[in-house]
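The values are calculated or read from the model by the stated rules, or taken from the named source; none is laboratory data. Not measured: the values here are computed from a predicted model. We place every Cβ from the backbone using ideal geometry, glycine too, and count neighbours over all the protein chains shown. Heads up: the accessible areas ignore ligands, DNA and RNA and are worked out on the full protein's heavy atoms, side chains in. Shrake-Rupley method; radii C 1.70, N 1.55, O 1.52, S 1.80 Å.
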Amino acid sequence: MLFLNRIWVKLSALIVVLLLVLMGVVFHFFTRREIRVERQELRQNMEAVAKLIASARTIESYDLATYRDWIDRIIETEVVEGLVYIAVFENTRELIAYALNTEYLDVESSFLTPDEEIDLVHQLTRGQIAEESWNDFDRVSMTVSIDREFRGKVDVGFSLIEFNDRARHKLLINLYILASAFVVVVFLSIFIGRRITKPLETLSHAMLDVSNGKYDTRVEIKSKDEIGNLSSSFNYMTLRLREKAAIEDFSRDLVFSFEHSRLVQMVTDRIVKYMGAKQGALFLIESRGTETFVVSEWGYPRPLSTKIEIKFSPECYRDCLQQSEPFVPADIKHPEQFQLLLQVLHQQVDFESVDLISPLVGQGEIIGFLLLSPEIDESGYDAAEKTFLRTLSHQAGMAIRNSFLLQNLTEQERIKKELEIARRVQQRLLPTHEPNLPGLAIAGLCVPAAEVGGDYYDYFYIDGKRIGLAIADVSGKGTSAAFYMAEIKGMMTSMANLIASPKELVMQLNKYLNKNIDKRVFTTMIYGVIDIETREFVYVRAGHNAVLVKRMNKAQDVDIFIPRGMGLGLVDDDTFRETTEEHHIRFDAGDLLLLYTDGISEAMNIKREEFGEEQLYTLMATNHVTNVHEMQQKILRCVNDFVQDAKQHDDITMIIAQFV
């Protein structure tokens, strides 16, 4: 039953039936027509004989005996094939002449008497023959008239035996031809049916494969008819399905790829494979200030052995930015850098040539491009493949851009954690309360920036009448600055009570930092000791900001002290000793001492204008505040009013001391 359900079987059967019906109709029409025409011709011949005999009978002078002899000769000579008898009757229905051919008659004796012959002729003219012979015998009659007067009739009988034999023979031959044609038609219909339906069967199996997810299925049907068009449409459909499946797989893998370099290599591998190219290489664009570089270490079928980094000219970079669709190298107006790039690729991985360049676009920005060599089948990239490549490239561009963002976010999170650690370290290093000494008021403050700097201040109790003040700024930011600051605090804490001279103490700090700390890291510092009884401040300025003193007895003025001194960790011991000066300042009651870091003087507003040293000097000179805390708040308020909404980029640190 499954065999009968085949479409080629049904089609073949339909062709056989149609052709069989057509052949039957043709056979019936032409065979019957031919037999009918031959019988009509035979009858017309007999009618012609009867008419001839009747016309001879109309001649008055015609001798009856001669007439009878003439009729006998007609029978004997068989002028017309199949004559059985000729009978001539008078108008009184009397048989006046006859001729009889017993060859076609089934009689008991070959010799008949005249009376028997006459009786047999009468039987034949009346149609008195055996029933089985009705189809083998026929007769025609022709009247004999003279001047429109009925004078008798001529009756001619003829045999159809030979005619029927010929007709049957012809029928058998035609039936044989019909049977042969039927066999031919059957085989021909099977051939045609298979010829027509085999491509359909191929398409059916291919559709079943596609429904099972085999999108690489192709059908090769070379006919140019509708089935050929259908196969082309099927191949186009499977191509689009493959592209759709590839895009879905590609998108899914992009979502779960986080590590940047691995993601870019995966993008390179996938796109080159999807496009059927022999080789490929992916380059990312990096902007470094005003210069633009293209960087790559990602290739197919294998990664690049050495990282490629080539500087692009502004003209070549503009060429790249103008392209958002895949383009050919000939479209580049300034190909010099691309040619250099191809030379390097050829040297590294024997990259033969570039047929297509596809920009990688992420959020409307070109972040790189993919170079593709010719296809493996060397068929060339058509418009549909370029559209497919554009889709893949834009997806890849978005994923790579997101990986950049994720990388930056991860780095920001790392920095954030690092800053949090640095902030906690910094807070633990700073004093938790103000010194409580008779005759001296001290207020210290550190306002950390978003990015923790290396600012540090501290107090050191030396004895009941002396206290050490330190303020420092470690270069750099983050945890490294905080840890350097912690190291300095530890050293200061251990040496403040052992070394009375600020210069000697700072020299020991420089000695250690110069030997053990990265030369790119340095520290500026002011360290001094206040003697409450003598109201004297002995200090050293190691490359730090100025020391400001506001005298009670000097209105509209401020003392600015900038003694010689090098930053810590920059030079060796001897140089540091020679360039560092220990300075003494004497105070009167009510005088203010200000130590500060550059977070105040270099505070910037949104116009990137600095608060400046002069503005701080003016603020101190015009000060009428006599309380250290009020002075502290006034400085902060003035700085904040200047900065307004601008982001604080450095720590603001100060120590204010006043003799009371």
**Request:** Go through the stretch 94-144 residue by residue and tally those that are open to solvent by 40 Å² or more (accessible area, probe 1.4 Å) and in a strand (DSSP E or B).
**Result:** 5
**Asked** Inside the stretch 492-521, can you point out the residues that are closer than 22 Å to HIS583 by Cα and either under 60 Å from the mean Cα position of the chain (by Cα) or open to solvent by less than 50 Å² (accessible area, probe 1.4 Å) (or both)?
**Response** MET492, MET495, ALA496, ILE499, SER501, PRO502, LYS503, LEU505, VAL506, MET507, LEU509, ASN510
**Asked** Residues in the stretch 492-520 that are over 17 Å from GLY543 (Cβ atoms) and either outside any loop (DSSP other than H, G, I, E, B) or among the polar types (S, T, N, Q) (or both): how many?
**Response** 8
**Scan of the stretch 131-145 for residues that are without any contact (Cβ under 8 Å) to a residue 12 or more places away in the chain and among the acidic types (Asp, Glu), ordered by number** = GLU131, GLU132
**Single residue of ARG414, ARG390, ARG423 found to be modelled with pLDDT of 80 or more, open to solvent by 20 Å² or more (accessible area, probe 1.4 Å) and more than 30 Å from VAL660 (Cα to Cα)** = ARG390
**Request:** Using the structure shown, decide if ARG288 is farther than 25 Å from PHE388 by Cα, open to solvent by 40 Å² or more (accessible area, probe 1.4 Å) and of a type in the set (Lys, Arg).
**Result:** yes
**Request:** Quickly run through the stretch 564-580 and pick out the residues that are within 17 Å of ILE471 (Cα to Cα) and surrounded by fewer than 17 Cβ atoms within 10 Å (Cβ to Cβ).
**Result:** ARG564
**Request:** Could you give me the residue pairs with C-beta distances under 9 Å whose first residue belongs to the stretch 103-130 and is on the phi > 0 side of the Ramachandran plot, whose second residue is surrounded by fewer than 16 Cβ atoms within 10 Å (Cβ to Cβ) and modelled with pLDDT under 80 wherever it lies, and which are 6+ apart or on separate chains?
**Result:** GLY127/TRP134
**Fill in**
Pairs returned, first residue in the stretch 163-175 that is open to solvent by 40 Å² or more (accessible area, probe 1.4 Å), second residue that is modelled with pLDDT of 85 or more and not hydrophobic (A, V, I, L, M, F, W, C), beta-carbon separation under 7 angstrom, 6 or more apart or interchain, are none
